[in-house]
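In what follows, a structure is listed as structure tokens, so that the remarks can point back to it.
Coordinate-derived values only; no laboratory data. Remember, predicted model here, so these are calculated numbers, not experimental data.
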């Protein structure tokens, strides 16, 4: 007796399943949350502690963020923060039962990406 051909699970990315914008943005949303938890929150805490510790501590913080590594971390944190914010708003819209069709999902996805880049550029332009 011949075995039945079963459909493949959609989690099998690669030769079996073509990645879609919604799936890639979902993965990026999780990664941005992890990045913000592991790196963004400690940087924010360091800033708060430096403000409270006085001018000398705050000066060393500004010196760090003035260097290449500090600027890269600041840019990555801003990018992750704005992406996570705008994509979270998109998810809240979905939770309300709106924009669930494919065209709206892709339009909202592009809006999230554009808003992320613009907001990050504006903030970094003001900070750096």
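At a glance:
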read-out: Fluctuation leader among 57, 28, 75 - the chain, Gaussian network, Cα springs under 10 angstrom; value: 57
read-out: Mean separation of Cα contacts under 8 Å (6+ apart) over length of the chain, as relative contact order %; value: 28 percent
read-out: Computed [θ] at 222 nm, deg cm²/dmol, the chain (DSSP H ≥ 4; -39,500 (n - 2.57); rounded to nearest 500); value: -25000 deg cm²/dmol
read-out: Of every Cα-Cα pair in region 21-127, the percent that sits beyond 20 Å; value: 48 percent
